[in-house]
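K.L.:
Could you have a look at this structure, given as structure tokens, before my questions?
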Amino acid sequence: MAPKNKSFDPVKALEEIENKFEMFQILDQDGKVTNKDAMPDLSDDDLVELMKRMVWTRVLDQRSVSLNRQGRLGFYAPTAGQEASQLASQFALEGEDYILPGYRDVPQLIWHGLPLTKAFLFSRGHYEGNQFPEGVNALSPQIIIGAQYVQTAGVALGIKMRGKDTVAITYTGDGGTSQGDFYEGINFASAYKAPAIFVIQNNHYAISTPRDLQTAAKTLAQKGVASGVPSIQVDGMDPLAVYKVTKDARDRAVAGEGPTVIETLCYRYGPHTMAGDDPTRYRTSDEDSDWEKKDPLVRFRTFLEEKGLWSEDQENEVMEQAKEDIKKAIKEADGAEKQTVTKLMELTYDDMPSNLKEQYEVYKEKESK
């Protein structure tokens, strides 16, 4: 006699999937190693270099906010709090890998080879800010939310077709996972086993919208499961954990095993952008204080100091160097050729339409005065 079919409980199945996504961590917020077996293979010099980059980038963020308020920068999305998520993931890449960033991901571009002057010109909307030097394998920061996910799937497929041992990595925020491009991108990459790494920087707010108001998913990492993509949730304030999961994802990708989705739990200390957002209207001071205790620079500093690899003098030296680098770069940006309407038209069209030719002549006359 055939056994009776047991009824399938979809609610229970969902709960079982969700409960399997536990946050991966190596360093706790006190800088203590909680997962020795997962420690990445990084030399002392590597650890110090990663800390230098995080400190340098925190200074860059502080100065960029100030420059924006002075009217010397244009569009700017603060990065303080997300240094481990951004820089430790980039640290796991090779120079030949491709980065397809969102608008908050300029630091990864800089450490991938983009001159700081170019980053400042991008913020100002200057066309030279989108002219990357030869060998910088990256696209300009994407402004359209989630669009970089579809582009990354395409770039990764191109890498695979050319037989290259490289990957394409992209970033979006928690809000980006509610966009159609997010699902299309990871599904396409999964179907073709393209060497892509999809990073979700879950800083808990899509501008002012709390993460729990835009999706009922218990984790954002689990969104990759339906597309057959290995996915993981990681402590995005822990540079060692972020490096580890990104390095593992890269290794799988170049081995032909396809894409990975990485959700980094992190926090942005500043506003969404400097374009009028006021986080005090939707975040509490208690919430800010709780996340400040998890600061990636503080915990990594503690870890390195206990190993005898970091000191206050070293940190001050990096901070001073960052200030000098920023001062030099902003001066170079100030010296860039003034952007004109006619120049933009020349760069846009090889064969200009007749109606624009008329406008071109009008602007050319205005600019000559």
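K.L.:
For segment 285-292, take each phi angle, set θ = phi - 60°, evaluate the Karplus expression 6.51 cos²θ - 1.76 cosθ + 1.60, and give the result in whole Hz per residue in order, putting x for glycine and proline.
P.N.:
5, 5, 5, 4, 5, 4, 6, 5
K.L.:
Now for a different question. Measure nothing fancy, just the Cα-based angle from helix 44-69's long axis to the longest principal axis of the chain, in degrees from 0 to 90, nearest 10.
P.N.:
The angle comes out near 50 degrees.
K.L.:
Also, I was wondering about something else. Modelled label-to-label distance, A216 and V341, 7 Å Cα→beta-carbon offset: nm?
P.N.:
Between A216 and V341, the label points sit 5.1 nm apart.
K.L.:
Under a crude label model (7 Å from the Cα following the beta-carbon direction), how far is K12 from S208 in nanometres?
P.N.:
Between K12 and S208, the label points sit 4.4 nm apart.
K.L.:
I would also like to ask the following. Among 268-279, 340-351, 238-249, 174-185, how do they line up by average Cβ neighbours within 10 Å per residue, starting with the highest?
P.N.:
Packing order, densest peptide first, comes out as 238-249, 174-185, 268-279, 340-351.
K.L.:
Could you work out the relative contact order of the chain, using alpha carbon pairs under 8 angstrom and six or more residues apart, expressed as a whole percent?
P.N.:
23 percent
K.L.:
Could you tell me which label, among (1) 20.4, 65; (2) 22.3, 95; (3) 20.3, 62, carries the value of Rg and Dmax of the Cα atoms in Å calculated for this structure?
P.N.:
Calculated Rg and Dmax of the Cα atoms in Å: the matching label is (2).
K.L.:
Along the Cα-to-C-beta direction of T34, a point sits 7 Å from the Cα; which residues of segment 78-101 have their amide N less than 18 Å from that point?
P.N.:
84-85
K.L.:
If the chain between E287 and S311 were fully stretched, how many nm would it gain, using 0.36 nm times the residue separation less the Cα-Cα distance?
P.N.:
5.7 nm
K.L.:
Before rounding to the nearest 500, sum -39500 (n - 2.57) across all DSSP H runs of length at least 4 in the chain and divide by the residue total; then give [θ] at 222 nm in deg cm²/dmol.
P.N.:
For the chain, the value works out to -13500 deg cm²/dmol.
K.L.:
With +1 on each Lys and Arg Cβ and -1 on each Asp and Glu Cβ, how big is the dipole of segment 117-174 about its Cα centre, in debye rounded to the nearest 20?
P.N.:
Dipole size: approximately 120 debye.
K.L.:
Between segment 112-169 and segment 311-340, what's the alpha-carbon centroid distance in Å?
P.N.:
23 Å
Values in this text are rule-based calculations from the coordinates and carry no lab data. Everything numeric here is computed off the predicted structure, so don't read it as measured data. Reconstructed Cβ throughout: ideal geometry from the backbone, glycine too, with neighbour counts over all protein chains shown.
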